[in-house]
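Q: Structure below; questions to follow.
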Amino acid sequence: MKRSFRDADFDRLAKFWNSCSPEKYWIDGEQLRLNTVDSPVFDWGASCIEDADGEILGFVSVKKSARSLYYGPDQDVAHLSCIAYCEAQYGLDLMTEVKMILKNRGCTKLQFGQDSRHFFPGCPTDYPSLHSFLTVEGFAEGGECVDLERNLKDYSNPYPIPSGDEFRALTQKDVPALADFFDREFPYRWKYDTMTKVSIDGPSCVFGLFHGSRIDGFALVQDFTNKAPIGGAVWHVSMGKEWGALGAIGVAKDLRGKGSGHALLGSALEYLRDRGVDRCIIDWTGLVDFYGRHGFVPTRTYKAMGLEIER
């Protein structure tokens, strides 16, 4: 029997997810709730849980385009946020219904992951059963990205601080300047994700590059005290109790290539280290050399996968 996510037991669903997934992709119930029904683009009509006699057989979470949240996304592209099943047939049944619903709505493409409040930026290359399932369903591969990690206990910023740059965590009085910075430099997804995070976990989850009261760079920083982990922090179960995450990160256009980016990154990592973070993740990036200079190494590799929906 298929049913909606209303009144779902997310702890049970997460336990089921974990029984189907490699350990590095395990989650907890609260993370599953945050990344599904708590998302403003969660698709209640296309997402469902399949069970029989109280036993979970599978579930699928679909997200609508984030076009209603920020400029850029194609409004006709939906996202397969996650799918879990005990047997492939249940996964196939779930996907048959998802594709029918999306086709009837006029959607042109179903992208695996990359949704607002995503789990996956693509299909993990070390999750072969998921890759095979998506391939059978008609998903085609695209580009590649990685997550990177390192231990911060012995981290020290190897880069000098450029003259005039000041780095510190934001306070409430800095929030208007942060919004101004995003409007100048990164007005779309990064603005939405970061400002939403600030509204939940407070302004100290942003580490800023300041020139006086003006913000010219930011790093989103998360640790084990946060209420709503996003990005790579969704994998905190596999990272230990003293987990941390960094990213997105960016500096103003006129500062790029002048050392401020590395200085911001190094200072933000030292901030996380001093907050007690041990294992730190940077997610959804292709900048392996840039972050590698700070000791980060790839731990997960993803392939973008999308399905064209015939109309």
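The values are calculated or read from the model by the stated rules, or taken from the named source; none is laboratory data. All values derive from a computational prediction rather than experimental measurement. Quick reminder, even Gly has a Cβ in these numbers, built from the backbone with ideal geometry, and neighbours come from all protein chains shown. Calculation scope for accessible area: heavy atoms of the full protein, side chains included, ligands and nucleic acids excluded. Shrake-Rupley method; radii C 1.70, N 1.55, O 1.52, S 1.80 Å.
Q: Which FRET efficiency value, to the nearest 0.05, is calculated for ARG275 and ASP180 with the Förster distance at 22 angstrom and r the Cβ-Cβ distance?
A: Values: r = 27 Å, r/R0 = 1.20.
Efficiency, rounded to the nearest 0.05: 0.25.
Q: Please name which of GLN172, ILE281, SER47 has its Cα lying farthest along the dipole of the chain towards the positive end, using unit charges on Cβ (Lys, Arg +1; Asp, Glu -1) and the Cα centre as origin.
A: Of the listed residues, the answer is GLN172.
Q: Do the sum for the chain: with -39,500 (n - 2.57) for every DSSP H run of n ≥ 4, divided by all residues, what is the mean residue ellipticity at 222 nm, to the nearest 500 deg cm²/dmol?
A: Here the helix-only value at 222 nm equals -8500 deg cm²/dmol.
Q: Further question on the same structure: What is the sum of charges around GLY106, taking Lys and Arg as +1, Asp and Glu as -1, for the other residues whose C-beta is under 9 Å from the C-beta of GLY106? Numbers along the way, then the final one.
A: Values: positive: LYS103, ARG105, ARG311; negative: ASP76.
So the environment of GLY106 carries a net charge of +2.
Q: So, taking all protein chains as they sit and a 1.4 Å probe, how much accessible area belongs to LYS24, in Å² rounded to tens?
A: Probe radius 1.4 Å; accessible area of LYS24 about 70 Å².
Q: Ignoring ligands and nucleic acids, what accessible area does GLU23 show with a 1.4 Å probe (Å², nearest 10)?
A: 120 Å²
Q: Moving on. What is the angle, in °, between the Cα long axis of helix 88-105 and the longest principal axis of the Cα atoms in the chain? Nearest 10 is fine, range 0 to 90.
A: Once rounded, one gets 80 degrees.
Q: How much accessible area per residue does the stretch 1-78 have, counting only protein heavy atoms and a probe of 1.4 Å, in square angstrom? Could the numbers behind the result be given before it?
A: Numbers: 3650 Å² over 78 residues.
Per-residue accessible area for the stretch 1-78 comes out at 47 Å².
Q: Here's a follow-up. Near LEU148, within a Cβ-to-Cβ distance under 12 Å, what is the net charge of the other residues, with Lys and Arg +1 and Asp and Glu -1? Mind dumping the intermediate values first?
A: On the way: positive: ARG150, ARG279, ARG293, ARG300; negative: ASP147, GLU149, ASP283, ASP289.
Net charge around LEU148: 0.
Q: May I ask you to list the lysines whose Cα is less than 17 Å away from that of LYS303, ignoring any residue fewer than eight positions away on the same chain?
A: Cα-Cα hits under 17 Å: LYS24, LYS109.
Q: OK, next. Need the C-alpha centroid separation for the stretch 229-287 versus the stretch 121-162, integer Å.
A: Comparing the Cα centres of the stretch 229-287 and the stretch 121-162, I get a distance of 15 Å.
Q: Explain nothing, just compute: Karplus ³J(HN,Hα) = 6.51 cos²θ - 1.76 cosθ + 1.60, θ = phi - 60°, for every residue of the stretch 239-244 in order, whole Hz, x for Gly and Pro.
A: So the J values, rounded to whole Hz, are 9, x, 5, 9, 7, x.
Q: May I pose another question? Under the classification rounded if a/c is under 1.5, otherwise prolate if a/b is larger than b/c and oblate if not, where does the stretch 1-148 fall, given a ≥ b ≥ c as square roots of the Cα gyration tensor eigenvalues?
A: On the way: a/c = 1.30, a/b = 1.17, b/c = 1.11.
In terms of gyration-tensor shape, rounded.
Q: Continuing with this model, one more query. Roughly what angle does helix 10-20 make with the longest principal axis of the chain, taking Cα atoms, 0 to 90 degrees, to the nearest 10?
A: Relative to the chain, helix 10-20 is tipped by roughly 80 degrees.
Q: Quick one: Karplus J couplings for the stretch 59-75, per residue in order, coefficients 6.51, -1.76, 1.60, θ = phi - 60°, nearest Hz, x for Gly and Pro?
A: Result, ordered by residue: 7, 9, 10, 10, 10, 7, 4, 8, 4, 6, 9, 7, 6, x, x, 6, 5 Hz.
Q: What are the ³J(HN,Hα) couplings of the stretch 197-211, residue after residue, when phi is run through the Karplus curve with 6.51, -1.76, 1.60 and θ = phi - 60°? Round to Hz, x for glycine and proline.
A: Whole-Hz 3J(HN,Hα) from phi for the stretch 197-211: 4, 4, 5, 9, 10, x, x, 5, 7, 10, 10, x, 9, 10, 10.
Q: Quick one: pull the percent of accessible area on the stretch 17-120 belonging to carbon and sulfur, 1.4 Å probe, ligands and nucleic acids left out.
A: On the way: 1840 of 4050 Å².
Roughly 45 percent, rounded to a whole number.
Q: Around GLY276, what is the net charge, scoring Lys/Arg as +1 and Asp/Glu as -1 over all other residues with Cβ under 12 Å from its Cβ? Walk me through the numbers before you get to the answer.
A: Working: positive: LYS153, LYS241, ARG273, ARG275, ARG279; negative: ASP223, GLU242, ASP274, ASP278.
Computed value for this residue: +1.
Q: So what is the accessible area of the stretch 156-218 per residue, in Å², with the probe set to 1.4 Å?
A: Numbers: 2910 Å² over 63 residues.
It amounts to 46 Å² per residue over the stretch 156-218.
Q: Treating only the Cβ of Lys, Arg, Asp and Glu as charged (+1, +1, -1, -1), what charge dipole size does the stretch 179-311 show about its Cα centre? Round to the nearest 20 debye.
A: Details: 17 positive and 16 negative charges, 19 e Å.
Once rounded to the nearest 20, the dipole reads 100 debye.
Q: Rank these by accessible area, largest first, 1.4 Å probe: ASP174, ASP28, ASP180. Write down the numbers at each step before the final one.
A: On the way: ASP174 10, ASP28 55, ASP180 85 Å².
I get ASP180, ASP28, ASP174, largest accessible area first.
Q: Keeping every protein chain in place, order MET195, MET100, MET1 by accessible area at 1.4 Å, biggest value first, i.e. largest first. If you can, show how the numbers build up before the last one.
A: On the way: MET195 45, MET100 110, MET1 145 Å².
Final ranking, largest accessible area leading: MET1, MET100, MET195.
Q: OK, next. Which FRET efficiency value, to the nearest 0.05, is calculated for TYR188 and MET1 with the Förster distance at 30 angstrom and r the Cβ-Cβ distance? Intermediate results must be reported in sequence, preceding the final value.
A: On the way: r = 40 Å, r/R0 = 1.34.
For R0 = 30 Å, the calculated efficiency reads 0.15.
Q: How much length is gained on full extension from ALA140 to ASP74, taking 0.36 nm per residue of separation minus their Cα-Cα distance? If you can, show how the numbers build up before the last one.
A: On the way: separation 66, 0.36 × 66 = 23.76 nm, distance 1.82 nm.
Extending this stretch completely gives an extra 21.9 nm.
Q: Something else about it: If each of VAL297 and ARG168 carries a label point 7 Å out from its Cα toward its Cβ, how far apart are those two points in nm?
A: So the two model labels end up 3.7 nm from each other.
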